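> Shown below is the structure under consideration.
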Amino acid sequence: MPVPTESLASPEGAAVGEPTVRTGDTCHVDVADRWGNLVSATPSGGWLQSSPVVPGLGFPLGTRSQMFWLQDGLASTLRPGARPRTTLSPSLALRDGEPWLAFGTPGGDNQDQWSLVLILRLVHAAEAVRGAGPWTGLQAAIDAPMFHHEHAPSSFHPRSSSLGRVLIEERVPGRVRQELARLGHDLRTVDGWSLGRLSAVARDGGWLRAAANARGAQGYAVGR
């Protein structure tokens with residue numbers, strides 16, 4: 001499921017930031033089988049075209065090594081034996097100790113944000129409807145209006161940030177957006193179907209349920 005995105009270019013013309021190849025990007029897949037196995041996977045890494053070349057060395061830091069910092073004393077400081085952090089967040093959730101939900105999304109630093117919103121929606125939906133299983137509204141939870149912030153420094157070169165900025169889909173009610181702005185968020189309203197690439201599969205007894213994001217028309221839920 002390639003997800004083309006806009007490409008950022010440095011003054012020298014080299015791509016920077018997240019992997020933003022027009023022919024493809026990070027992808028995500030969730031799988032459930034009849035035996036109860038669940039898989040959540042987010043393949044990504046090694047995008048040489050978006051990781052800057054190290055001055056004086058002539059090669060880039062691929063496969064997430066670009067997320068190291070050269071500043072001493074940080075958790076992500078480059079040092080022997082250290083592993084780079086990653087934005088990849090393929091997720092599994094259990095219910096009563098048993099596999100229940102596999103879910104995730106492409107999206108760089110937004111992956112954790114979008115996935116958290118999804119799981120909260122599903123859990124609260126289950127609590128709100130007495131006797132309903134946690135799958136209630138799986139597709140609806142993915143389709144519902146989404147948002148994320150750009151407050152923290154990006155994991156990708158040049159590690160830009162926009163203090164207090166929140167991107168929010170225009171389908172969110174106006175009174176909610178007004179209140180968020182009143183509270184001090186730098187609110188940026190975007191197209192109503194533009195944030196998030198989530199997909200998910202769930203087990204419900206003898207049933208398997210699946211949902212995929214309609215945004216970009218590049219996600220699919222299929223079964224056999």
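The values are calculated or read from the model by the stated rules, or taken from the named source; none is laboratory data. Everything quoted here is computed from the prediction, not taken from an experiment. Glycine gets a Cβ as well: all are built from the backbone with ideal geometry, and neighbour counts include every protein chain shown.
> Would you point out the residue of the range 60-78, among those that are among the aliphatic types (A, V, I, L, M) and surrounded by 15 or more Cβ atoms within 10 Å (Cβ to Cβ), that is modelled with the highest pLDDT?
Narrowing the range 60-78 to residues among the aliphatic types (A, V, I, L, M): 61, 67, 70, 74-75, 78.
Remaining after also requiring surrounded by 15 or more Cβ atoms within 10 Å (Cβ to Cβ): 61, 67, 78.
Working: L61: 73, M67: 84, L78: 89.
Looking at the filtered set, the residue picked out is L78.
> Give the residues of the range 62-74 that are in contact with a strand residue (DSSP E or B) (Cβ under 9 Å, 6 or more places away or on another chain) and either free of Cβ contacts under 8 Å to residues at least 40 places away in the same chain or part of a loop (DSSP other than H, G, I, E, B) (or both), sorted by residue number. Walk me through how you get there before you give the answer.
Let us first name the residues in the range 62-74 that are in contact with a strand residue (DSSP E or B) (Cβ under 9 Å, 6 or more places away or on another chain), namely 66, 68-71.
Passing the criteria: F68, W69, L70, Q71.
> State the number of residues belonging to the range 27-59 that are modelled with pLDDT under 80 and either within 30 Å of N213 (Cβ to Cβ) or not in a loop (DSSP other than H, G, I, E, B) (or both). Don't jump to the end; show me each part of the working.
Initially, the range 27-59 is screened for residues modelled with pLDDT under 80, giving 45-52.
Those left that are additionally either within 30 Å of N213 (Cβ to Cβ) or not in a loop (DSSP other than H, G, I, E, B) (or both): 45-51.
Of the residues in the range 27-59, 7 are modelled with pLDDT under 80 and either within 30 Å of N213 (Cβ to Cβ) or not in a loop (DSSP other than H, G, I, E, B) (or both).
> So in the range 79-125, with the set limited to residues that are within 13 Å of H28 (Cα to Cα) and among the small types (G, A, S), which one is surrounded by the most Cβ atoms within 10 Å (Cβ to Cβ)?
The residue in question is G107.
> Could you give every pair whose Cβ atoms fall below 7 Å, whose first residue belongs to the range 211-224 and is touching a residue at least 24 places away in the same chain (Cβ under 8 Å), and whose second residue is surrounded by fewer than 20 Cβ atoms within 10 Å (Cβ to Cβ) and part of a helix (DSSP H, G or I), counting only separations of at least 6 or pairs across chains?
So the pair list comes out as A211/Q139; A214/D143.
> Has the range 103-111 got any residue that is hydrophobic (A, V, I, L, M, F, W, C) and within 15 Å of the chain's Cα centre (by Cα)? Even if it seems obvious, please write down each step before you answer.
Residues of the range 103-111 hydrophobic (A, V, I, L, M, F, W, C): 103.
Adding the requirement that they be within 15 Å of the chain's Cα centre (by Cα) leaves 103.
Yes - at least one qualifying residue is present in the range 103-111.
> Then there's this: Would you check if R197 is within 22 Å of I142 (Cβ to Cβ), in contact (Cβ under 8 Å) with a residue 60 or more places away in the chain, in a loop (DSSP other than H, G, I, E, B) and not β-branched (V, I, T)?
Numbers: within 22 Å of I142 (Cβ to Cβ): yes; in contact (Cβ under 8 Å) with a residue 60 or more places away in the chain: yes; in a loop (DSSP other than H, G, I, E, B): yes; not β-branched (V, I, T): yes.
Yes: the conditions hold for R197.
Let's see how each residue does on (1) surrounded by fewer than 18 Cβ atoms within 10 Å (Cβ to Cβ); (2) touching a Gly at 6+ places or on another chain (Cβ under 9 Å):
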position: Q139; (1), (2): yes, no
position: L163; (1), (2): yes, no
position: L167; (1), (2): no, no
position: G174; (1), (2): yes, no
position: A181; (1), (2): yes, no
position: S194; (1), (2): yes, yes
position: S199; (1), (2): no, yes
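> If you don't mind, another one. With the structure loaded, tell me whether G184 is part of a loop (DSSP other than H, G, I, E, B), free of Cβ contacts under 8 Å to residues at least 24 places away in the same chain and at positive phi or whether it fails that test.
Working: part of a loop (DSSP other than H, G, I, E, B): yes; free of Cβ contacts under 8 Å to residues at least 24 places away in the same chain: yes; at positive phi: yes.
It is true that G184 is part of a loop (DSSP other than H, G, I, E, B), free of Cβ contacts under 8 Å to residues at least 24 places away in the same chain and at positive phi.
> Being touching a Ser or Thr at 6+ places or on another chain (Cβ under 7 Å), closer than 25 Å to S162 by Cβ and modelled with pLDDT of 85 or more, is that true of even one residue in the range 88-102?
Of the range 88-102, the ones touching a Ser or Thr at 6+ places or on another chain (Cβ under 7 Å) are 88-92, 102.
Cutting the leftovers down to closer than 25 Å to S162 by Cβ gives us 88-89.
Okay, now just the ones that are also modelled with pLDDT of 85 or more, so 88-89.
Yes: one or more hits.
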